[in-house]
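**Student:** Structure in structure tokens, see below.
The values are calculated or read from the model by the stated rules, or taken from the named source; none is laboratory data. Computed from a predicted model, the values in this text were never measured in an experiment. For neighbour counting, all protein chains shown are included, and Cβ atoms are generated from backbone atoms with ideal geometry for every residue, glycine included.
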């Protein structure tokens, strides 16, 4: 590879782009990192007649264009092998923006019956009631179910690569084929599987969405979301859902996420290693009645994961333990290294327990319906400390393993 110019890193790939992509040294101060530009307005050109054109490269108003947002978009687009990216204030704003762009009143959408609960809410309540969108929720891993749900007015198929929270794995190439045969688009939430684990656009997806709050940020201190894909579709998302609905990310949060993203490959590697070690420990413990983790050879999602994922199987483990609801609360609350909190992808390990996982009653494996679902999102601690913490709390709640 030829040595890149100091100010042009387009020839870099993979981990090096995570470090350098989208960063532009400040010519005024000489700072080697793009500073936080907190301006909400930028000086207009002498002739501002073309500033509303989608391809305009200048900066105008931070709701539409900003220095920190622009750099983050440059980095994220290339990391996911997309032509363009649009960053939003939250992951939900990005997801809503993608759906809002694709769907019109009277259209039909096919959605995985296990998705993030706020996405489920969009399709159970908001879109049907406000826009007359018709929706079928299906087991996205059952391709015959997906095909059977297709209608003449189907315009969207939506899934997560690894479903939140039961960790089923979608066959992205097969779903892309079904969607495109129906003249529909496939949108993929890849929050659980950021590059280099998975790049859904390479497998036929039309748009990939991430909650940047999670692995990209990595420090639990900023929120954001992104839509990535071909330039025309991304620009439709930007000029519609962002410009007119005002879902832009703040410069400070864009800067924080840019900072966090430089270490994404290293953090993700450690989190995947921790997840596999913890999943193996839990699977061997008789007090644990069910473990879902696609990295385990005996998991029914293992083959689909092997065929699509690289560099690990994800940093989340979902499991169920015996005992009563009170016992499970005691288990979670007695943990000392692991923190009881929502979210994932942080530097610290987080755990969240649901007695009755949200979603269709028959969507989850029977043990999760009987015993609740515990989602464990790995951080960067030593795996030995995490396992010891889990072992101690299991013993406190359920007694020693027999």
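**Student:** State yes or no: is residue 82 at pLDDT 95 or above and either outside any helix (DSSP H, G or I) or over 30 Å from residue 305 (Cα atoms) (or both)? Before the answer, list the steps.
**Tutor:** On the way: at pLDDT 95 or above: yes; either outside any helix (DSSP H, G or I) or over 30 Å from residue 305 (Cα atoms) (or both): yes.
The answer is yes for residue 82.
**Student:** Then there is this: Counting only residues that are part of a helix (DSSP H, G or I) and more than 23 Å from residue 362 (Cα to Cα), how many does the stretch 87-123 have? Spell out how you get there, then give the answer.
**Tutor:** At the first step, the residues of the stretch 87-123 found to be part of a helix (DSSP H, G or I) are 91-102, 117-123.
Right, trim to more than 23 Å from residue 362 (Cα to Cα) and you get 91-102.
Number of matching residues: 12.
**Student:** Check whether at least one residue in the stretch 198-212 is farther than 25 Å from residue 318 by Cα, surrounded by 24 or more Cβ atoms within 10 Å (Cβ to Cβ) and at pLDDT 95 or above, and report yes or no.
**Tutor:** Scanning the stretch 198-212 turns up at least one residue that is farther than 25 Å from residue 318 by Cα, surrounded by 24 or more Cβ atoms within 10 Å (Cβ to Cβ) and at pLDDT 95 or above.
**Student:** Which of the following residues is surrounded by fewer than 17 Cβ atoms within 10 Å (Cβ to Cβ) and under 23 Å from residue 91 (Cα atoms): 40, 68?
**Tutor:** Details: 68 fails: surrounded by fewer than 17 Cβ atoms within 10 Å (Cβ to Cβ).
Being surrounded by fewer than 17 Cβ atoms within 10 Å (Cβ to Cβ) and under 23 Å from residue 91 (Cα atoms) holds for just one of 40, 68, which is 40.
**Student:** Determine whether residue 222 is in the same structural domain as residue 101 (by TED's automatic domain parsing), over 13 Å from the mean Cα position of the chain (by Cα), under 19 Å from residue 116 (Cβ atoms) and surrounded by fewer than 22 Cβ atoms within 10 Å (Cβ to Cβ). Show your work before the answer.
**Tutor:** Details: in the same structural domain as residue 101 (by TED's automatic domain parsing): yes; over 13 Å from the mean Cα position of the chain (by Cα): yes; under 19 Å from residue 116 (Cβ atoms): yes; surrounded by fewer than 22 Cβ atoms within 10 Å (Cβ to Cβ): yes.
So residue 222 passes the test.
**Student:** Say whether the condition of being modelled with pLDDT of 85 or more, assigned to a loop (DSSP other than H, G, I, E, B) and under 26 Å from residue 246 (Cα atoms) is met by at least one residue in the stretch 9-32.
**Tutor:** no
**Student:** Against the condition within 19 Å of the chain's Cα centre (by Cα), at pLDDT 95 or above and not assigned by TED's automatic domain parsing to the domain that holds residue 91, how does residue 269 come out, does it pass? Show your work before the answer.
**Tutor:** On the way: within 19 Å of the chain's Cα centre (by Cα): yes; at pLDDT 95 or above: yes; not assigned by TED's automatic domain parsing to the domain that holds residue 91: yes.
So residue 269 passes the test.
**Student:** Quick check: is even one residue across the stretch 124-141 assigned to a helix (DSSP H, G or I), in contact with a helix residue (DSSP H, G or I) (Cβ under 8 Å, 6 or more places away or on another chain) and modelled with pLDDT of 95 or more? Show your work before the answer.
**Tutor:** So the first thing to find is which residues in the stretch 124-141 are assigned to a helix (DSSP H, G or I), and the list is 124-131.
Subsequent filtering for residues that are in contact with a helix residue (DSSP H, G or I) (Cβ under 8 Å, 6 or more places away or on another chain) retains 127.
Remaining after also requiring modelled with pLDDT of 95 or more: 127.
There is at least one residue in the stretch 124-141 that is assigned to a helix (DSSP H, G or I), in contact with a helix residue (DSSP H, G or I) (Cβ under 8 Å, 6 or more places away or on another chain) and modelled with pLDDT of 95 or more.
**Student:** Still on this model: When residue 402 is evaluated against the numbered criteria (1) on the phi > 0 side of the Ramachandran plot; (2) at pLDDT below 95, which criterion, by number, is the only one it fails?
**Tutor:** Just one mismatch for residue 402, condition (1).
**Student:** Report, by residue number, each residue of the stretch 225-241 that is farther than 16 Å from residue 82 by Cβ and either surrounded by 21 or more Cβ atoms within 10 Å (Cβ to Cβ) or within 18 Å of the chain's Cα centre (by Cα) (or both).
**Tutor:** Of the stretch 225-241, the ones farther than 16 Å from residue 82 by Cβ are 239-241.
Listed by number, the list holds a single entry, 241.
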